[in-house]
Amino acid sequence: MAARLSPTPPDAVPAELFRPASQVHERAEAITRPPVGRWADAWGRFRQNRMAVAGLVVLLVVGFMAVAGPHMTPYDYRQTSLLDTDLPPSAEHWFGTDELGRDIFTRLWYGARISLLIGILAASIDLVIGVAWGGIAGYFGGVVDDVMMRIVDVLYGIPYLLIVILLVVVVGPGLWSIVIAMGSVGWVGMARLVRGQVLQIKEQEYVLAARALGVPPLKIVWRHVIPNTLGVILVNVTLTVPGAIFGEAFLSFIGLGVQDPLASLGSMIYSSYQVLRVYPHELFFPSAVLSLILLGFNFLGDGLRDALDPRERR
Amino acid sequence: MLRYVARRLVYAVVTLWFIATLTFVLMHLVPGDPFSSEKLTPQIHQLMLKKYHMDRPLWQQYLTYLGNLARGDLGYSMRQMNRTVADMIREGFPVSAHLGLQALALGLVAGLTLGIVAALHHNGWPDYVAVFLALVFISVPNFVVGSVAQYVFGVRLGWLPVARWESPIHTILPTLTLAVSLLAGQTRLMRTSVLEVLGQDYIRTAHAKGLAPGEVLWRHTLRNAILPIVTVMGPLTAGIVTGTFVVETMFGIPGLGKYYVQSVYNRDYPLIMGTTVFYSVLLVGLNLLVDLAYTLVDPRIRLGKAAD
């Protein structure tokens, strides 16, 4: 042992056997994979999530049908025909007719259009108010935060339905009153979420750096804080849309949805529920499309959550 | 601890007062009054308003209501004569709570199990099945679930009664309908939570020191993973035991859920206030209980400090 450990005299190793070792270390620092931006990276992971892609495809198909579907038949969604009431599916009426002889296929896609519109509009209101509210409360903190979040708490404490029903009753049922009613209370969840995110992000060094450079607070929120919460916000939006569509369907169920002759999936489900025992197919089609839309958004939102979550990065 | 509870109780009263006030203002913003939908001559209409002291200025009505509320008096319904709001809640709540707790128990047990199994087989087929099921169950609205269940099991197969609330058998379909979405939510939450915990160092340590897998699961994984579930239990329970309008209407269940919609429709002011306050008290109370339960589940949490 002792013999092995003793240092070899320098002249025992010829100089030509020495090789510089530094290059190995330099190569370890080299970037081997092509640089991938945040969104490209997310897209890559999103594509691998089969359920999310399926959700997106379902939504695209339903969206296309909502635009084109009502024009595929010779009928109008309002056109009644008292001789052709409650027909089963046939060559003339692909999905049959309802109790007023209106073509269900036409009404179905028209209703899908209205439901999607309500969902997207309500989610947009949520997005604007919720992000602004949560962003300001979280960034400024202190008294501002306290007051703003207490307001949120109070809104959260009143049953969501009560406010929505009250507002719809005040404004009168209809497409816009539903959107306004749901948008005006739905942002509460978004505000809480954004505030939580902002509270984390504002402690980061780059925000400190921006502040030290004298960037005005609102600009910091807009340029630095909001973009970094975008993933969470995006996911929440994809999950808010089905919530609003569901909400509209529920309002239809209690008679406060869009009014005849306008169709929404919820109002179609409600009116067909009355005749469920006799004409189950009238309930089946709108329920299936409604469930497909909600499934599509939920799958999409779930996939996005995984794709944008940095912890899932491999 | 006691100081914390005392402070929370003060907060709770303030929150309740806010909610009651806001509801009071909101409902008086709605045009019409409880008697405007009945065909009454103007004189009788005036007399009705006078009988319920609704001819007085709004701020007087508000103060009177708050005074009564403080004494626990919710008043009489304005549309169902000679019925107190308290009576209506006393009759409806046990039914709604029965249905709600049954669905909650089922949804919780099934959802947690599914979530744990999914997380333990992360990216394996049980995981995919559980995630898929959860998403489907979340996406299908309860009135669709309910009507399909009624049609298949009630009308077509004739196995179970379609509606009404008479015997334990009658509770099966509505319980399942309610439990479906609960199950889905719990599955997702539990799966995420368990996955999060499984990635922690202390789990690796527990395995490394040779603990049996079951021991690691019970003592280290589940005890930590259950916290988010405890958090959502407050609002979830408050919501479900106060009744669900859709399910109660579909299945003809004499619960509390219908009042939340009916009262607004009828401008039945005392009933609107009563049901809202009742729900809020439950919500605030259960949230307080949940916060206290944290200390039992997780000894690291000390409430007095967290609140400062």
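Things to note:
- Hits in segment B:197-223 - residues which are surrounded by 15 or more Cβ atoms within 10 Å (Cβ to Cβ) and either within 22 Å of B:Gly107 (Cβ to Cβ) or among the aromatic types (Phe, Trp, Tyr) (or both): B:Val197, B:Leu217, B:Thr221, B:Leu222
- Count of segment B:264-278 residues which are more than 9 Å from chain A (Cβ to nearest Cβ) and of a type in the set (S, T, N, Q): 1
- Residue satisfying condition, being surrounded by fewer than 16 Cβ atoms within 10 Å (Cβ to Cβ), under 25 Å from the mean Cα position of the chain (by Cα) and of a type outside the set (A, V, I, L, M, F, W, C), within set B:Arg90, B:Arg8, B:Arg56: B:Arg90
- Of everything listed in (1) aromatic (Phe, Trp, Tyr); (2) assigned to a helix (DSSP H, G or I); (3) more than 14 Å from every other protein chain (Cβ to nearest Cβ), the single unmet condition for B:Phe153 is (3).
- Under the condition of being in contact (Cβ under 8 Å) with a residue 60 or more places away in the chain and of a type outside the set (Val, Ile, Thr), the residues counted in segment B:234-257 number 10.
- Just one residue in the set B:Gly158, B:Gly92, B:Gly146 is small (Gly, Ala, Ser) and either touching a Lys or Arg at 6+ places or on another chain (Cβ under 7 Å) or farther than 29 Å from B:Ile272 by Cα (or both); that residue is B:Gly158.
- Residue count, segment A:221-231 (criterion: within 30 Å of A:Arg113 (Cβ to Cβ) and out of contact with any Leu (no Cβ under 6 Å at 6 or more places or on another chain)): 1
- Residue selected from segment B:239-249 under the condition surrounded by fewer than 24 Cβ atoms within 10 Å (Cβ to Cβ), at the interface with another protein chain (Cβ under 10 Å from one of its Cβ atoms) and not aromatic (Phe, Trp, Tyr), by the criterion nearest to B:Met78 (Cα to Cα): B:Thr249
- Residues considered: B:Leu282, B:Leu236, B:Leu256, B:Leu292. Of these, the only one that is touching a Ser or Thr at 6+ places or on another chain (Cβ under 6 Å) and either more than 10 Å from chain A (Cβ to nearest Cβ) or aromatic (Phe, Trp, Tyr) (or both) is B:Leu256.
- Only one of the numbered conditions (1) under 25 Å from A:Leu294 (Cα atoms); (2) touching a residue at least 40 places away in the same chain (Cβ under 8 Å) is violated by A:Met72, and that is (2).
- Of all residues in segment B:125-138, those that are farther than 18 Å from A:Ile293 by Cβ and touching a residue at least 12 places away in the same chain (Cβ under 8 Å) have Cβ atoms under 6 Å from Cβ atoms of residues that are surrounded by 21 or more Cβ atoms within 10 Å (Cβ to Cβ) and not aromatic (Phe, Trp, Tyr), 6 or more apart or on another chain, in B:Asp127/B:Ala118; B:Ala130/B:Leu114; B:Ala130/B:Ala118; B:Ala130/B:Thr187.
- Whichever residue in segment A:258-278 is out of contact with any helix residue (DSSP H, G or I) (no Cβ under 7 Å at 6 or more places or on another chain) and not hydrophobic (A, V, I, L, M, F, W, C) and, among such residues, is nearest to A:Asp103 (Cα to Cα): A:Pro261
- Every residue from segment A:121-150 that is within 14 Å of chain B (Cβ to nearest Cβ), modelled with pLDDT under 85 and over 24 Å from the mean Cα position of the chain (by Cα): A:Asp146, A:Arg150
- Scanning segment B:38-68 for residues that are closer than 24 Å to B:Tyr260 by Cα and in contact with a Phe, Trp or Tyr (Cβ under 9 Å, 6 or more places away or on another chain) turns up B:Met48, B:Leu49, B:Tyr52, B:Met54, B:Leu58, B:Gln61, B:Tyr62, B:Tyr65, B:Leu66.
- When B:Leu176 is tested against (1) away from every other protein chain (no Cβ under 13 Å); (2) over 25 Å from A:Ile245 (Cα atoms); (3) of a type in the set (A, V, I, L, M, F, W, C); (4) in contact (Cβ under 8 Å) with a residue 24 or more places away in the chain, just one condition goes unmet, and that condition is (2).
- Failed criterion for A:Leu155 (all others in (1) more than 28 Å from A:Asp302 (Cβ to Cβ); (2) within 12 Å of chain B (Cβ to nearest Cβ); (3) not charged (D, E, K, R) hold): (1)
- Filter result for A:Ile180 (under 27 Å from the mean Cα position of the chain (by Cα) and over 28 Å from B:Lys258 (Cα atoms)): no
- Subset of segment A:269-294 (residues that are crowded, with 22+ Cβ neighbours inside 10 Å and modelled with pLDDT of 85 or more): A:Phe285, A:Pro286, A:Ser287, A:Val289, A:Leu290, A:Ile293, A:Leu294
- Checking each residue in segment A:137-181 for being touching a residue at least 12 places away in the same chain (Cβ under 8 Å), over 29 Å from A:Leu256 (Cβ atoms), of a type in the set (A, V, I, L, M, F, W, C) and surrounded by fewer than 20 Cβ atoms within 10 Å (Cβ to Cβ) picks out A:Phe140, A:Met148, A:Met149.
- A:Thr85 being at pLDDT below 85 and either in a helix (DSSP H, G or I) or surrounded by 16 or more Cβ atoms within 10 Å (Cβ to Cβ) (or both): no
Condition check ((1) closer than 30 Å to B:Thr275 by Cα; (2) β-branched (Val, Ile, Thr); (3) not in a helix (DSSP H, G or I)) across all residues:
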{"residue": "B:Leu189", "(1), (2), (3)": "yes, no, no"}
{"residue": "B:Ile203", "(1), (2), (3)": "no, yes, no"}
{"residue": "B:Leu222", "(1), (2), (3)": "no, no, no"}
{"residue": "B:Pro235", "(1), (2), (3)": "yes, no, no"}
{"residue": "B:Ile240", "(1), (2), (3)": "yes, yes, no"}
{"residue": "B:Val246", "(1), (2), (3)": "yes, yes, no"}
{"residue": "B:Tyr259", "(1), (2), (3)": "yes, no, no"}
{"residue": "B:Ser263", "(1), (2), (3)": "yes, no, no"}
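- Residues in segment B:144-167 that are touching a residue at least 12 places away in the same chain (Cβ under 8 Å) and among the aromatic types (Phe, Trp, Tyr): B:Phe153, B:Trp165.
- Filtered by the rule that a residue be more than 9 Å from chain A (Cβ to nearest Cβ) and more than 29 Å from A:Gly266 (Cα to Cα), segment B:116-149 gives B:Ile116, B:Val117, B:Ala118, B:Ala119, B:Leu120, B:His121, B:His122, B:Asn123, B:Gly124, B:Trp125, B:Pro126, B:Asp127.
The values are calculated or read from the model by the stated rules, or taken from the named source; none is laboratory data. Predicted model only: the values in this text are computed from it and were never measured. Every residue, glycine among them, receives a Cβ derived from its backbone with ideal geometry; neighbour counts consider all protein chains shown.
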